[in-house]
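The values are calculated or read from the model by the stated rules, or taken from the named source; none is laboratory data. Just so it is clear, the model here is predicted, and its values are computed rather than measured. For neighbour counting, all protein chains shown are included, and Cβ atoms are generated from backbone atoms with ideal geometry for every residue, glycine included. Only protein heavy atoms, including side chains, enter the accessible area calculation; ligands, DNA and RNA are left aside. Shrake-Rupley method; radii C 1.70, N 1.55, O 1.52, S 1.80 Å.
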Amino acid sequence: MAKIISGKEVSAAVREQIRKECDELKAKGIAPGLAVIIVGDDPASRVYVNNKKKACADVGFVSEEYALGADTTQEELLGLIRELNNKKEINGILCQLPLPAHLDEKAVINAISPLKDVDAFHPSNVGGIMIGDYNFLPCTPAGVMEMLHSENIDITGKNCVVIGRSNIVGKPMAMLMLHENATVTICHSRTQDLKGICSKADVLVAAVGRPKFVTADMVKEGAVVLDVGINRDENGKLCGDVDFESVEPKASYITPVPGGVGPMTIAMLMKNTLKAAKIQNDIR
Ligand code: GUN
């Protein structure tokens with residue numbers, strides 16, 4: 001039987017710390033502010049944006065929502081970002097992805113000031129992560145690491161396998177694990193013998209975006225299993241990339257969906273926004 005690492009509990013502790021530090025900043029006349037941009041009406045994005053705004057209110061940050069129509073032009077969006085880059089009350093800027101197909105995601109990410117890029121998506125922040133010199137850690141991978149730390153799981157020398165090679169999760173996830181001295185393998189849709197590689201993992205991170213993709217036969221006895229997926233199963237019920245029911249009895253630790261990595265991602269976004277406010281006000 002695995003120990004379940006609750007993202008709800010771990011993220012609550014992180015948020016509590018942020019709330020305290022936010023109060024200290026407010027005493028100095030500084031109110032951390034996050035701008036959240038959403039373009040179009042993707043229902044999942046709407047839920048994520050609402051949760052991010054709620055989290056801001058919970059820790060005491062100011063949040064501003066910019067809900068733009070699906071027909072917004074690239075120029076309009078870039079104009080808004082330029083405005084927010086210069087707005088003193090705003091410390092962090094987040095543009096919810098994916099964007100409608102006619103918009104150039106790369107150009108949008110590039111337009112956000114790296115000092116306000118609380119997603120850590122800007123190439124200069126991504127580069128910083130590669131060499132271990134950064135202000136902001138990418139939220140989802142940082143949330144996964146925080147869950148490992150909460151249980152004092154030392155990954156030094158361990159065989160860590162990440163399934164998924166996205167810029168947002170898979171690649172930075174591998175880098176953060178490497179920084180903690182793990183031996184890291186990234187698997188993806190072209191990987192040969194996926195099952196063989198996964199079943200040797202001491203720590204397995206699933207970030208594929210396919211419901212219940214990781215089954216018990218892919219998991220080593222006693223492995224730590226971290227599930228980044230947020231999917232709907234055949235009955236429309238929220239589920240992860242891991243087949244929780246079959247994998248849980250084999251794992252030593254496992255994260256649930258919902259209530260696992262999801263809340264951690266948002267807590268890390270709050271952490272980055274707090275840091276952005278400190279940097280922009282010359283507080284270390
Ligand atoms: N879409 C899915 N995950 C994320 C995220 O972490 N940040 C942004 N900006 N968009 C997303």
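List of remarks:
- Residue match in segment 150-160 (condition: part of a helix (DSSP H, G or I), under 22 Å from Lys8 (Cβ atoms) and either open to solvent by 60 Å² or more (accessible area, probe 1.4 Å) or within 16 Å of the ligand (Cβ to nearest atom) (or both)): no
- Count - residues of segment 12-53 that are within 16 Å of the ligand (Cβ to nearest atom) and in a strand (DSSP E or B): 6
- Every residue from segment 145-181 that is aliphatic (A, V, I, L, M) and free of Cβ contacts under 8 Å to residues at least 60 places away in the same chain: Met145, Ile155, Val161, Val162, Val169, Met173, Ala174, Met175, Leu176, Met177, Leu178
- Segment 114-131 - residue that is open to solvent by 30 Å² or more (accessible area, probe 1.4 Å) and more than 11 Å from the ligand (Cβ to nearest atom) and, of those, farthest from Thr72 (Cα to Cα): Ile131
- Listed by first and then second residue, the pairs with beta-carbon distance under 8 Å, at least 6 apart or on different chains, first residue in segment 264-284 and farther than 14 Å from Ile93 by Cβ and open to solvent by less than 30 Å² (accessible area, probe 1.4 Å), second among the basic types (Lys, Arg) and away from the ligand (no atom under 16 Å from the Cβ), are Ala267/Arg15; Met270/Arg15.
- Residue match in segment 66-75 (condition: closer than 30 Å to Lys20 by Cα and more than 16 Å from the ligand (Cβ to nearest atom)): no
- Residue check, Val184 of a type in the set (A, V, I, L, M, F, W, C), open to solvent by less than 10 Å² (accessible area, probe 1.4 Å) and modelled with pLDDT of 95 or more: no
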